[in-house]
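Heads up, the thing below is written out as structure tokens.
The values are calculated or read from the model by the stated rules, or taken from the named source; none is laboratory data. Everything quoted here is computed from the prediction, not taken from an experiment. Positions of Cβ are backbone-derived with ideal geometry, glycine not excepted, and every protein chain shown enters the neighbour counts. SASA here: full protein model, heavy atoms, side chains in, ligands and nucleic acids out. Shrake-Rupley method; radii C 1.70, N 1.55, O 1.52, S 1.80 Å.
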Amino acid sequence: MRISPTLRAAPAGLLALPVLVLWPSWGTVLACAAVWLLVVLGDALAAPSPRRLQVVRRSPAQVVLGGTGTGRLLLTNPGPRRARLQVRDAWNPTAGLDSPRAAVDVPAHERREIPQRFTPTRRGEHSSRALVIDSRGPLGLARRSARIDSPGRMLALHPFGARRHLPSRVRRLREIEGLAAVHQRGQGTEFDSLRDFVDGDDVRSIDWRATARRRSVVVRTWRPERDRHVLVVVDTSRTGAVRLGEGTRLDAAFDAALLLTALAGQAGDRVDLLCVDRVEHLSVIGSRRGTALHDMVSATAPVHPALVETDWELAAARIRERTRRGSLVVLLTPVDATTVHGALLPVAARLAADHPVVIGSVSDPALDELAAGREDVPALYAAASAETARARAAGTARALERTGVHVVDAPPERAPQALADAYLALKAAGRL
């Protein structure tokens, strides 16, 4: 508990000026100072103790980044005196609390509410450990301040901006499923139904038993196999901290992972998630199709890049533990020549021997802008450097593809769609 004068206490001290003018002496000064001090101290003691207040916090549990959530503080005054309060809520600045400070009067034995609005500016967990409450005296000359422990927690979720591309990809998925019903059996397909033979059908699709029963030629149709397993591995190393436009590379990777999760759920497949660098940070395993997307959005919200390199051998070991042969493995990591040739390339080659593997890379759109510059000599040098970086990335992608890996490299605004299209291509080819 801390007692301090308010700004109103200084003008109140000026009321002693006429006395000092009439009786100018040091004794008068000391007497006036003592009276002023006693009045201020008495006003402070007349203020209700902030520690006796009852505080209930109702903060939103989750808010989508860029959206707004509402909460409130409930202050109950159990004492016999009116409480004139100044309340400061100690949320971190990126929580986006509209008004951290609020003034409220709480009559005796009553409760008042302080409404709050949150517009977070950073993905992840936001918290407030305490409230700082100032209780002013009846004269407003002094206040009693105390720190009241009232922890609050709010999770700012990934906005999932790629959701708008989901309907078009679902339509394409339905088209693939419909077209695949007339293709013959292959890897990644399962029996669908029987129908009458028409010109152009493959004779190898004829079901001779059904033909004998119906006395007309009947063929089997197939559809892409459902309930396949997809494991998405997100690289959370230092490369994910690179700023690409309005967000980071890791944000774009999560956007792509969420779009793939939503699309695979529509296809009847199961999606698991693994976030890894030097250690395994997060795994979302075994979620039901109806809740997989929500589980991943909630789980990935507090995940941020770590300033370390990724241990791809550790990632490969975790992949082997969580998948069976033939599962789709999606690695969301940048196609960087140093990283790929040093550690990722041999791991990708081993994975591709047992699984269809897709590497989703989010490229830097600034390279395209620099490569187009031709205004002056510095711009030409920058363009040459950008072209060199792009050529190095293309060469690295070709090295990965020679091991049997499919590489998707696109800027942040197109990376989720490109990864979803790669998934649909595997479905159309019967490889998944």
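Across region 86-99, computed HN-Hα scalar couplings (Karplus, 6.51 cos²θ - 1.76 cosθ + 1.60, θ = phi - 60°) run 10, 10, 10, 9, 8, 6, 5, x, 6, 5, x, 5, 5, 9 Hz from first to last residue, x flagging Gly and Pro.
Rounding to the nearest 20 debye, state how big the charge dipole of region 5-84 is about its Cα centre with +1 on each Lys and Arg Cβ and -1 on each Asp and Glu Cβ. Mind showing how you got there, number by number?
On the way: 9 positive and 1 negative charges, 109 e Å.
The dipole of region 5-84 has a size of about 520 debye.
How large is the dipole of the chain about the Cα centre if only Lys and Arg carry +1 and Asp and Glu carry -1, each at its Cβ, rounded to the nearest 20 debye? Before the final figure, lay out each step's value.
Values: 61 positive and 45 negative charges, 379 e Å.
Charge dipole, the chain, about its Cα centre: 1820 debye, nearest 20.
Per the Kirkwood formula applied to alpha carbons, region 234-346 shows a radius of gyration over Rh ratio, Rg over Rh, of 0.95.
Under the combined filter of DSSP loop state and at most 11 neighbouring Cβ atoms within 10 Å, region 289-394 retains these trypsin sites (Lys or Arg not before Pro): Arg324, Arg325, Arg374.
May I ask you to work out the translational diffusion coefficient for region 10-146 at 37 °C, viscosity 0.692 mPa s, via Stokes-Einstein with Rh from the Kirkwood sum over Cα pairs, reported in whole µm²/s? For these conditions, the coefficient is 188 µm²/s. Around Asp421, under 12 Å between beta carbons, what's the net of Lys plus Arg minus Asp minus Glu among the other residues? So the environment of Asp421 carries a net charge of +4. Rounded to 0.05, the FRET efficiency of the Arg243 and Ala317 pair, given R0 = 35 Å and the Cβ-Cβ distance, is 0.65.
Quickly estimate the mean residue ellipticity at 222 nm for the chain, helices only: each DSSP H run with n ≥ 4 gives -39500 (n - 2.57), and the total goes over all residues, rounded to 500.
The per-residue figure over the chain is -10500 deg cm²/dmol.
Annotation: per residue accessible area for the chain equals 51 Å², rounded to a whole number [probe 1.4 Å, protein chains only].
So for the chain, averaging the separation of alpha carbon pairs under 8 Å that are six or more residues apart and normalising by length, what relative contact order in percent results?
Numbers: 861 pairs, mean separation 56.3, N = 432.
Reported relative contact order: 13 percent.
Over all projection directions, the Cα-based convex hull of the chain averages an area of 35.5 nm².
Tell me the relative contact order for region 224-297 as a rounded percent, counting alpha carbon contacts under 8 Å between residues six or more apart. Each step should come with its number before you reach the end.
Working: 103 pairs, mean separation 25.5, N = 74.
34 percent.
For region 288-432, what is the per residue volume of the convex hull drawn over the alpha-carbon atoms, in cubic angstrom?
Numbers: hull volume 21.8 nm³, N = 145.
Spread over its residues, the Cα hull of region 288-432 gives 150 Å³ apiece.
Helix 415-428 versus the longest principal axis of the chain: what is the Cα-based angle in degrees, 0 to 90, to the nearest 10? Relative to the chain, helix 415-428 is tipped by roughly 30 degrees.
Shown here for region 293-394: GluC sites (Glu not before Pro) in loop regions (DSSP other than H, G, I, E, B) with at most 11 other Cβ atoms within 10 Å, namely Glu375. Normalised by the number of residues in region 253-336, the mean separation of alpha-carbon contacts (under 8 Å, six or more apart) gives a relative contact order of 27 percent.
Here's the picture: charge each Lys and Arg Cβ at +1 and each Asp and Glu Cβ at -1 in region 269-419, and of Gly342, Ala316, Gly395 the one pushed furthest to the positive end of that dipole is Ala316. Charge dipole (Cα centre; +1 on Lys/Arg Cβ, -1 on Asp/Glu Cβ; no other charges) of region 351-417 amounts to roughly 260 debye.
Of the options Leu250, Ala420, Ser150, report the single residue whose Cα projects farthest towards the positive end of the charge dipole of the chain (beta-carbon charges: Lys, Arg +1; Asp, Glu -1). My answer, from the dipole projection, is Ser150. DSSP finds beta bridges in the chain, and of those with both partners inside it, around 70 percent are antiparallel.
Ranked by the mean number of other Cβ atoms within 10 Å of their residues, highest first, the peptides 51-59, 209-217, 139-147 fall in the order 139-147, 51-59, 209-217.
Quick one: if you take sqrt(5λ) for each eigenvalue of the C-alpha gyration tensor of region 1-73, what semi-axes come out, biggest first, whole angstrom?
Details: eigenvalues 436, 46, 11 Å².
Taking √(5λ) for each eigenvalue gives 47, 15, 8 Å, largest first.
Between Leu73, Tyr381, Ala31, the Cα set farthest toward the positive side of the dipole of the chain (charges on each charged residue's Cβ, about the Cα centre) is that of Ala31.
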